[in-house]
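The values are calculated or read from the model by the stated rules, or taken from the named source; none is laboratory data. Just so it is clear, the model here is predicted, and its values are computed rather than measured. Note that each Cβ is placed from the backbone with ideal geometry, even for glycine, and that neighbours are counted across all protein chains shown. What goes into the accessible areas is simple: the full protein's heavy atoms, side chains included, and nothing from ligands, DNA or RNA. Shrake-Rupley method; radii C 1.70, N 1.55, O 1.52, S 1.80 Å.
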Amino acid sequence: MILTLGFSIPLRAYRRYYATQSQMAMNNYVINYESIKDAERNIKDVANVTPVLTSSIIDKVSGFQLHFKCELFQRTGSFKFRGMYNEVFNHKKTNGTQPMVIHSSGNAGQALALASRLHDIPCHVVMPTVAIPCKRNAVIGYGAIIADCQDSESSREEVAQSIVDRFDGKVRLTSPSQSPDVIAGAGTIATEFIEQVPTLDVIIVPVGGGGMISGIAVACKHLNPKVKIIAAEPALADDCYQSKLNNRRTPLTKTPITIADALRTSIGPNTWPIIRDFVNDVITVTDDQIKSATRLVWQTMKLTIEPSSGVGVAVAIGDQLKNIIEPNAVVGVILCGGNVSLEHLDWLKDD
Amino acid sequence: HVITFNDVLEAKQNIINESYITPVMTSTIINKISQYDVHFKCELFQRTGSFKFRGMFNLATNHRRDFIDRPVVIASSGNAGQSLALACKLHKIPCHVVMPETATPTKREAVLGYGALVTNCTDSEKGRTDAANAVVEESNGAIRLVSPSQTPDVIAGAGTITLELIDQIANLQAIIVPVGGGGMIAGIALAAKHLNPKIKIIGAEPAEADDCYQSKLNNRRTPLNKTPITVADALRTSIGENTWPIIRDCVDDVVIVGEEEIKIATKLIWHTMKLMIEPSSGVGVAALLSNQLKTMLPIGSSVSVILCGGNVNLDKLDWLTQTNVDIQSLIGTIASNDGGF
């Protein structure tokens, strides 16, 4: 059953873009639905088809029927494995055993490390020396080599470039969110989700660099254009919200400090056009809301989601959502990852 | 035996509309670490956060049929109380829960939230039992006493786990079940041996609360003589008069595990499977990883581990950081010694 909205309340003073067929034809997005079908084939039987779980308690808190897509159960503990495996798969076809390189202090690095190992390709992960030990150990555990850098964008890029130079350019330097293969891989979340819950009206997606929401949005617009895509963003890292407001990509000017540590990247040049045209709304939430929502999922669903996943849940149970979707909407929420440092759980305490 | 296989079938019919058929989950990493083909039965996702709801709802269903709205009382520090409270709410049966003052606040709130009355007691098996008996006496026997593990309907309810496992897992060879009062293992074992006597039933117990192990050793029920101190707080009860005969006849072996092993195993599941199991569930995982198990079950066997509950006090997580082992290093070492995941 497709839900048709009889009304639309403009929440903020910005114009929303809904891409028409001609716009889609005109615009060159870095991926299309075919890229996602390709990715599906490439990752089949390697990536997990993750379950969808529900919670009657959280439904009561939110007021909506919620369906949680459990990407925390994906290999390496986050959805990133889909895109990274797709990327390495395609890379190996064209470039043999050239090493993979990425700068990432978290989930993307782990995902690429495993994806590379499964293809017998060396992998270099550029990480700040201050990254917490369990993230470093995870990357090493999956067989990658760590290249140390300082905790700044410029240092990360410098060190990554030095690796590229060391190998005479014969490497694949990939991005946690801007690489087309990575975006297409993330789109497979939506193809599964829509098959598992055909009645979905809305999908809430946490946004950092925008790779996941871009892939999901492209998939949905092809499979069921009536599905609303709502970005969930930390208020302390609200570049996506600002960009939609200004109708112009507006990256953050400095590294944000937020409990949602996987979402500190700004949306990029490859993800912005898709977000601009296919994402219906952006809702921001405070760090307190994020912590509360994350704790709620731990307590009631027994799932150790990371705070970045709590951002989506915070939107699902928050007040703003009621203003933009129908009361009986079927709402999907992406629980994008579960890589939490178990040694640093003070944020989880009930204040 | 206080129950028959038919009681388990009846329980299944009773609980079918209100309980969840919980999923079974697997993990490549855990298979590599344990060297078994492991299937985790996720009772942490059951209503009220533990498998207890099955038995309690079965009991409440039969109680309503037999006693209408006669009140019930239970002595429970946690999961059984919550489960009974919800089951009674659904059947409109007045419910009293006797709980220690030291019980986790969320458990107390949950019980109150379901409409049950809470009576405080001291935190020992004797303290709980005495307080519950007092409630019964004060009512001149009008209130019915329910046991978290010995009441037959509760045991039969737990047996429904086996019915699901047989459906969900092909060629199941063994089931590892944490043991406190023995209600869960008794129900699971009786049903399993009825359906396939070749399935091995292995109890998992904290070494600090090893009455089941001792009882099997002595071939005589040997309860603990004082309240044990263990991080597996849901397993501190001794096996009882009703569960012992079934355990004696239908449980093949018992593995005992140390406190450190329990904490590491629990932490391992949180870290690799993203499942927030309570330490009492970690006892089963610790048994899976133990050397003792390898003497009981050939490696490569298909084994189900019951993750019996996920009711954790999130404000008391010291035990999580108390282990001396860094989980990621543990996994990392295993990963690098092997070809991959």
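Restricting the stretch A:127-139 to residues that are part of a helix (DSSP H, G or I) and at pLDDT below 90 leaves a set whose member that is surrounded by the most Cβ atoms within 10 Å (Cβ to Cβ) is A:Ala138. Taken over the stretch A:193-223, the residue count meeting the criterion of being more than 22 Å from A:Thr54 (Cα to Cα), open to solvent by less than 30 Å² (accessible area, probe 1.4 Å) and not β-branched (Val, Ile, Thr) is 8. Here the condition is being in a helix (DSSP H, G or I), among the hydrophobic types (A, V, I, L, M, F, W, C) and open to solvent by 30 Å² or more (accessible area, probe 1.4 Å); of A:Ala262, A:Ala293, it holds for A:Ala262 alone.
Report those strands (runs of 3 or more DSSP E) wholly inside the stretch B:60-132 carrying at least 3 residues which are open to solvent by 30 Å² or more (accessible area, probe 1.4 Å), touching a strand residue (DSSP E or B) at 6+ places or on another chain (Cβ under 8 Å) and on the phi < 0 side of the Ramachandran plot. Walk me through how you get there before you give the answer.
Details: elements: B:72-75, B:95-100, B:117-121.
Correct list: B:117-121.
Look at A:Lys226 and say whether it is closer than 29 Å to A:Glu34 by Cβ and either over 17 Å from the mean Cα position of the chain (by Cα) or buried (at least 20 other Cβ atoms within 10 Å of the Cβ) (or both). Taking the combined requirement at face value, the residue satisfies it.
In the list A:Gly338, A:Gly332, A:Gly312, which residue meets the criterion of being within 14 Å of chain B (Cβ to nearest Cβ) and either closer than 22 Å to A:Ser179 by Cβ or within 20 Å of the chain's Cα centre (by Cα) (or both)?
On the way: A:Gly332 fails: within 14 Å of chain B (Cβ to nearest Cβ); A:Gly312 fails: within 14 Å of chain B (Cβ to nearest Cβ).
A:Gly338 is the lone residue from the list that is within 14 Å of chain B (Cβ to nearest Cβ) and either closer than 22 Å to A:Ser179 by Cβ or within 20 Å of the chain's Cα centre (by Cα) (or both).
Within the set A:Leu345, A:Leu252, A:Leu245, A:Leu236, the sole residue that is in contact with a Pro (Cβ under 9 Å, 6 or more places away or on another chain) and of a type in the set (A, V, I, L, M) turns out to be A:Leu236. In a residue-by-residue description of the stretch A:171-190, the property of being over 21 Å from A:Tyr85 (Cα atoms) and touching a strand residue (DSSP E or B) at 6+ places or on another chain (Cβ under 8 Å) applies to no position.
Among the residues of the stretch B:3-23, is any open to solvent by less than 40 Å² (accessible area, probe 1.4 Å), touching a residue at least 40 places away in the same chain (Cβ under 8 Å) and on the phi > 0 side of the Ramachandran plot? No, because not a single residue in the stretch B:3-23 is open to solvent by less than 40 Å² (accessible area, probe 1.4 Å), touching a residue at least 40 places away in the same chain (Cβ under 8 Å) and on the phi > 0 side of the Ramachandran plot. Residues in the stretch A:31-50 that are within 14 Å of chain B (Cβ to nearest Cβ) and in contact (Cβ under 8 Å) with a residue 24 or more places away in the chain were compared, and the one that is surrounded by the most Cβ atoms within 10 Å (Cβ to Cβ) is A:Ala47. Among the residues in the stretch A:305-325, are any more than 25 Å from A:Ile194 (Cβ to Cβ), polar (S, T, N, Q), open to solvent by less than 30 Å² (accessible area, probe 1.4 Å) and touching a helix residue (DSSP H, G or I) at 6+ places or on another chain (Cβ under 9 Å)? Checked against the condition, which is being more than 25 Å from A:Ile194 (Cβ to Cβ), polar (S, T, N, Q), open to solvent by less than 30 Å² (accessible area, probe 1.4 Å) and touching a helix residue (DSSP H, G or I) at 6+ places or on another chain (Cβ under 9 Å), the stretch A:305-325 yields no hits at all. Would you say A:Val331 is in a helix (DSSP H, G or I) and of a type in the set (A, V, I, L, M)? No, not satisfied.
Which is basic (Lys, Arg) and within 18 Å of the chain's Cα centre (by Cα), of B:Lys107, B:Lys126, B:Lys92? If you could, list the steps in order and put the result at the bottom.
Working: B:Lys126 fails: within 18 Å of the chain's Cα centre (by Cα); B:Lys92 fails: within 18 Å of the chain's Cα centre (by Cα).
Exactly one of B:Lys107, B:Lys126, B:Lys92 is basic (Lys, Arg) and within 18 Å of the chain's Cα centre (by Cα), namely B:Lys107.
A count restricted to the stretch B:267-288 and to residues that are closer than 16 Å to B:Val179 by Cα and of a type outside the set (D, E, K, R) stands at 11. Checked across the stretch A:82-89, the condition of being open to solvent by 10 Å² or more (accessible area, probe 1.4 Å) and within 14 Å of another protein chain (Cβ to nearest Cβ) holds for at least one residue.
In the stretch B:47-58 there is at least one residue that is assigned to a loop (DSSP other than H, G, I, E, B), within 13 Å of chain A (Cβ to nearest Cβ) and either farther than 22 Å from B:Ser304 by Cα or not aliphatic (A, V, I, L, M) (or both). Summed over the stretch A:238-258, residues that are surrounded by fewer than 18 Cβ atoms within 10 Å (Cβ to Cβ) and hydroxyl-bearing (Ser, Thr, Tyr) total 2.
Can you tell which of B:Thr237, B:Thr227, B:Thr222 is of a type in the set (Ser, Thr, Tyr) and either within 17 Å of the chain's Cα centre (by Cα) or assigned to a helix (DSSP H, G or I) (or both)? Outline the logic, then answer.
Numbers: B:Thr227 fails: either within 17 Å of the chain's Cα centre (by Cα) or assigned to a helix (DSSP H, G or I) (or both); B:Thr222 fails: either within 17 Å of the chain's Cα centre (by Cα) or assigned to a helix (DSSP H, G or I) (or both).
It is B:Thr237.
Listed by position, the helices (runs of 4 or more DSSP H) inside the stretch A:31-126 whose residues that are over 26 Å from A:Arg156 (Cβ atoms) and of a type in the set (Gly, Ala, Ser) number at least 1 are A:33-43, A:56-62.
Filtered by the rule that a residue be under 17 Å from A:Pro99 (Cα atoms), touching a helix residue (DSSP H, G or I) at 6+ places or on another chain (Cβ under 9 Å) and open to solvent by 80 Å² or more (accessible area, probe 1.4 Å), the stretch A:149-175 gives A:Lys170, A:Leu173. Taking every residue in the stretch A:106-126 that is in contact (Cβ under 8 Å) with a residue 12 or more places away in the chain and pairing it with any residue that is open to solvent by 20 Å² or more (accessible area, probe 1.4 Å) and of a type in the set (Lys, Arg), at least 6 positions away or on another chain, the pairs with Cβ-Cβ distances below 6 Å are A:Gly106/A:Lys135; A:Asn107/A:Lys80; A:Ala108/A:Lys80; A:Ala111/A:Lys80; A:His119/A:Lys92; A:Val126/A:Arg156.
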